[in-house]
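The values are calculated or read from the model by the stated rules, or taken from the named source; none is laboratory data. Quick caveat, the model's predicted, so the values are computed rather than measured. In this analysis, Cβ positions are derived from the backbone assuming ideal geometry, glycine residues included, and neighbour counts consider all displayed protein chains.
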């Protein structure tokens, strides 16, 4: 946020407030065109705005991918929806996973929810679940901070890839313009690149994913 505010100054300053996703949807984004804030790291499909008519959307900040994670003892390489059939899947309460939910509705997969992505990763590592799906930006930090990497297998093929943007209320097109200019400036900012790397992100991998075909079928 500091790097973004540096690029927005002196015209704008954004203060960061963390809000649980369910509360964000119910108390803020439900206002639609009356929403007056900005939300980091979303994709239009995450908030049912594929047509981009409910909110304004910035240029992409970066490309992320939903990784298919299993245990090292029972590795699963994702080859399409059929490769998930008969598995125990760990999701996050309140999240939607289009591919997985379709299988669960058809009785071809069992979904068990936890409170967050870390809980799901820990259950997979302990063999209590067969797999989970976690965005790379969350996975890379969680496994590094909690020493889970030796126990987990990442399928070479992601479930989906998608771009992350900043959502802006429709009444603030000037803020959107300033954010787009700031994002352009961040692309060549070494301090911004360093801040991403500090979260254990492989910037080369993220760059390769920018051309990976896929849609945002998982709502984080």
_residue 129 - would you say it is under 17 Å from the mean Cα position of the chain (by Cα), touching a residue at least 40 places away in the same chain (Cβ under 8 Å) and under 23 Å from residue 95 (Cα atoms)?_
no
*Determine whether region 162-177 contains at least one residue that is without any contact (Cβ under 8 Å) to a residue 12 or more places away in the chain and either not assigned by TED's automatic domain parsing to the domain that holds residue 8 or not in a strand (DSSP E or B) (or both).*
yes
_The lone exception for residue 48 - which of (1) buried (at least 16 other Cβ atoms within 10 Å of the Cβ); (2) at pLDDT below 95 it fails_ = (1)
*Could you pull out the residue among 29, 8 that is more than 18 Å from residue 192 (Cα to Cα) and either within 16 Å of the chain's Cα centre (by Cα) or surrounded by 11 or more Cβ atoms within 10 Å (Cβ to Cβ) (or both)?*
29
_Suppose we filter 29, 24 for residues that are closer than 30 Å to residue 129 by Cα and either part of a helix (DSSP H, G or I) or without any contact (Cβ under 8 Å) to a residue 60 or more places away in the chain (or both); which single one remains?_
24
*Residues within region 150-179 that are out of contact with any strand residue (DSSP E or B) (no Cβ under 8 Å at 6 or more places or on another chain) and surrounded by fewer than 16 Cβ atoms within 10 Å (Cβ to Cβ), tallied*: 5
